[in-house]
Amino acid sequence: MSKMKAAIVEGFGEEFQVKDAEIPEPGPGQVLVKLIASGVCHTDLHAAEGDWPVKPKLPLIPGHEGVGIVEKLGEGVTEVALGDMIGNAWLASACGHCQYCRTGWETLCEAQSNGGYSVDGSFGQYMLVDSRYAAHIPEGSDPHEIAPVLCAGVTVYKGLKMTEVKPGQWVAISGIGGLGHIAVQYAVAMGMRVIAIDVADDKLALASKHGAEITVNAFAQDPAEIIQQKVGGTHGVLVTAVHPKAFGQAIGMTRRGGTIVFNGLPAGDFPAPIFDIVLKGLTIRGSIVGTRQDMIEALEFYAAGKIKPTFHTRPLEDINAVFDEMRHGKIDGRVVIDYAGRA
Ligand SMILES: NC(=O)c1ccc[n+]([C@@H]2O[C@H](COP(=O)([O-])OP(=O)(O)OC[C@H]3O[C@@H](n4cnc5c(N)ncnc54)[C@H](O)[C@@H]3O)[C@@H](O)[C@H]2O)c1
Ligand SMILES: CCCCCCO
Ligand SMILES: [Zn+2]
Ligand SMILES: [Zn+2]
């Protein structure tokens, strides 16, 4: 078996080990991909810290925003060809026949596997991808720039659809990190008017650059008060923040009949004001990544030039420093690991 360089989590809360690992062999239905780039999602940090109720496998190669070229086909592969540029995804595979898979909700499949969490992902020079759940990268894409669409992009695109906010209506996006700064772009492309909320002014500046009309620094102000004053409450909210406080704040900023969608996954809970939620007739939804169809649509928005992730390329060896920057909210947009000598 030949070797590859990979960033491996061997224990929760421990630093990554960047070292040699076996290049995996594709089994039936799988393909071997040589990586060009991989986005770094905050979920990868949750995986490394083990701070969710469902723990990842160990040892683990995280990463679920990987883009690369198909180098080997497993038995029976028909959906992908040698030389194709494809991506992996959080939804690495699903059963295909349960009540959720049958009704367009494969993201809720209870037998799904998850890229960079329950199966090894894209923080290495090679990865295995289930050909049925591979993301097909549009012709002419920049592999480093499109990588964040594979999770951050498809997740916020689906989340914005779930807010049911119509063109011309207001949507608040709370948390302007890897997910949030791309959410601003999808919301604008979908005709929504955007209010951006974060606790760091540089993130709000990034939101304005991508089309937000109103920005609120939740560290210095009460976003609900500002939003009620300025626009009479928002029609919908998409929360991508990594602090529980942002989740409770969404309720006060939403107008009657509005919908709040949670993408963010910080550990912890938030106080839910029962009377306000009932009196205002609010809908609160959790939303997890997107289906294969959502991925196709999210990638089409990128291919149409509507989505341009802000990203910074770094070598795999920087992974521990990157996670430290992420822990302290110091990443502007998305970090993308480079395997092609661009970093
Ligand atoms: N539901 C899903 O399918 C899905 C998909 C991808 C990521 N996630 C989760 O979404 C979260 C965000 O991921 P990311 O990669 O964008 O993280 P990130 O670290 O890039 O960004 C997090 C942002 O939250 C901001 N923030 C922190 N406290 C805040 C507060 N009180 N109010 C407003 N903003 C605040 C930070 O300043 C930062 O801009 C993570 O928990 C991740 O696991 C969920
Ligand atoms: C419940 C886990 C959702 C994480 C999606 C990929 O970042
Ligand atoms: Zn992710
Ligand atoms: Zn299923």
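Since every read-out is calculated from the coordinates, none of them should be taken as a lab result. None of these values were measured; they are calculated from a predicted model. Positions of Cβ are backbone-derived with ideal geometry, glycine not excepted, and every protein chain shown enters the neighbour counts.
Being assigned to a loop (DSSP other than H, G, I, E, B) and within 30 Å of Lys19 (Cβ to Cβ) is a property that Lys308 lacks.
Listed here are the residues, each with its yes/no results for (1) away from ligand 2 (no atom under 16 Å from the Cβ); (2) of a type in the set (Val, Ile, Thr); (3) under 21 Å from Ile23 (Cβ atoms); (4) surrounded by 20 or more Cβ atoms within 10 Å (Cβ to Cβ).
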| position | (1), (2), (3), (4) |
| --- | --- |
| Gly68 | yes, no, yes, yes |
| Ala81 | yes, no, yes, no |
| Thr107 | no, yes, no, yes |
| Ala111 | no, no, no, no |
| Tyr126 | yes, no, yes, yes |
| Gly159 | no, no, no, yes |
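The set of residues in the stretch 330-341 that are outside any strand (DSSP E or B) and surrounded by 15 or more Cβ atoms within 10 Å (Cβ to Cβ) comprises Ile331, Asp332, Gly333, Tyr339.
Inside the stretch 251-278, residues that are outside any strand (DSSP E or B), among the β-branched types (Val, Ile, Thr) and either within 16 Å of ligand 1 (Cβ to nearest atom) or touching a residue at least 12 places away in the same chain (Cβ under 8 Å) (or both) make up a count of 2. Among the residues of the stretch 319-329, the one identified as under 20 Å from Gly153 (Cα atoms) and surrounded by fewer than 19 Cβ atoms within 10 Å (Cβ to Cβ) is Gly329.
Does the stretch 15-59 hold any residues that are within 16 Å of Tyr117 (Cα to Cα) and without any contact (Cβ under 8 Å) to a residue 12 or more places away in the chain, and which are they? Matches in the stretch 15-59: Pro53, Val54. Applying the set (1) more than 24 Å from Pro62 (Cα to Cα); (2) touching a Pro at 6+ places or on another chain (Cβ under 6 Å) to Thr283 leaves exactly one unmet item: (2).
Restricting the stretch 84-105 to residues that are assigned to a loop (DSSP other than H, G, I, E, B) and within 13 Å of ligand 2 (Cβ to nearest atom) leaves a set whose member that is surrounded by the most Cβ atoms within 10 Å (Cβ to Cβ) is Asn88. It is to be established whether one or more residues within the stretch 116-128 are assigned to a helix (DSSP H, G or I), more than 16 Å from ligand 4 (Cβ to nearest atom) and either touching a residue at least 60 places away in the same chain (Cβ under 8 Å) or in contact with a Ser or Thr (Cβ under 7 Å, 6 or more places away or on another chain) (or both). No: zero hits.
For the stretch 187-241, taking the residues that are under 19 Å from Pro266 (Cβ atoms) and in contact with a Phe, Trp or Tyr (Cβ under 6 Å, 6 or more places away or on another chain), the one that is surrounded by the most Cβ atoms within 10 Å (Cβ to Cβ) is identified as Val239.
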